[in-house]
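Structure first, then comments.
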Amino acid sequence: MKMACLLFDDMTSLDWIGFFEAVTRLRLMEGGESVSWDFCAVKDTVADDRGVTYRANRIRPDLAGCDLVFVPGGMATRTLRHDDAFLRRLRTAEPAEWKVSVCTGALLLGAAVFLQGKKAVTNASAFDLPAPYCAEVVKARVVRNGQVITGAGVSASIDTGLYVVERLKGPRSGGDDPSADGVSLVPRVRRFRHLPGGILNPMWPRQNFPARTAKKNGESAEPSPSPLHLYG
């Protein structure tokens, strides 16, 4: 499986690093020797929104040969959505089986016309930005419409990566089924609840967390749900 991550100046690094940390676990699974990863940009070196620099190994590539293309977010997406040259390059990903974004990377997928008629999610502070490009911006952690997957704000990058692993390898890749050598390949804490319309929310096993009780008028109220049970 050939994957590509688009890098650009003023991106948010956590958007792609969290995703990368999760999906590179595919290399540890059966058939993982066929998984490859490219970092693509319009120049040799880019700097994120904190000044950290990264070196791309592919410059202005045609993305048509990729199986998965990932787009991070960041403040730069506000201007890149109007950059015709950037969008032309992104549109070469049309044949890719999977298009994935985190945070305002959804804005770029939308501007490249990959979200037309689809639901999507982005950073909670930027819900209005992808709205002109998609059917609906929804409140969720991860949204899948067909072969397009969008993740919410920056910390959702790991959730998005784990969900992609689950889609590619099946739900038992979540850690209940270790590899032959006994290594748990993906952290066990995440599980996904499938909601109507292709919307996904991760669940945490409730039994792992003690129930909390709230006092009201001197009496114990019903236990409140674990804050980690459901996002969105």
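I need the Debye-formula profile for the stretch 99-162: one equal scatterer per C-alpha, no solvent, reported as log10 I(q)/I(0) at q = 0.16, 0.19, 0.20, 0.22 1/Å, two decimals.
Rounded to two decimals, the profile gives -0.37, -0.53, -0.59, -0.72.
For each of THR12, THR122, count neighbouring Cβ atoms within 10 Å of the residue's Cβ, then give the residues from fewest to most.
With the sparsest Cβ surroundings first, the list reads THR12, THR122.
With r as the distance between the Cβ atoms of SER155 and SER34 and R0 = 22 Å, compute the FRET efficiency 1/(1 + (r/R0)^6) and round to 0.05.
Rounded to the nearest 0.05, the efficiency is 0.15.
So how much slack lies between ARG91 and ASP67, counting 0.36 nm per residue of separation and subtracting their Cα-Cα distance, in nm?
Gain on stretching ARG91 to ASP67: 7.3 nm.
Can you give me the P(r) profile for the stretch 1-145? Cα pairs, bins 5 angstrom wide beginning at 0, each as a whole percent.
2, 10, 20, 24, 22, 14, 7, 2, 0
For VAL142, enumerate residues with amide H under 5 Å from its amide H, sequence gap 5+ or separate chain, H modeled in the peptide plane.
LEU200
Students often get this wrong: which residues of the stretch 136-173 have the backbone nitrogen under 14 Å from the point 7 angstrom along Cα-to-C-beta of VAL52?
Counting only backbone N, you get 154-155, 157-158.
Just flag the trypsin sites (Lys or Arg not before Pro) in the stretch 1-88 sitting in loop per DSSP whose Cβ has no more than 16 other Cβ atoms within 10 Å.
Of the trypsin sites (Lys or Arg not before Pro), the ones in loops of the stretch 1-88 whose Cβ has at most 16 other Cβ atoms within 10 Å are LYS43, ARG50.
So if each residue of separation counts as 0.36 nm, and I subtract the Cα-Cα distance between GLU136 and ARG78, what length gain in nm does that give?
Full-extension gain reported as 19.0 nm.
Read-outs: derived from the displayed coordinates by stated rules, not from any lab. These figures come from a predicted structure and were not determined experimentally. A quick note on method: Cβ atoms are made from the backbone with ideal geometry, for glycine too, and the neighbour counts reach across all protein chains shown.
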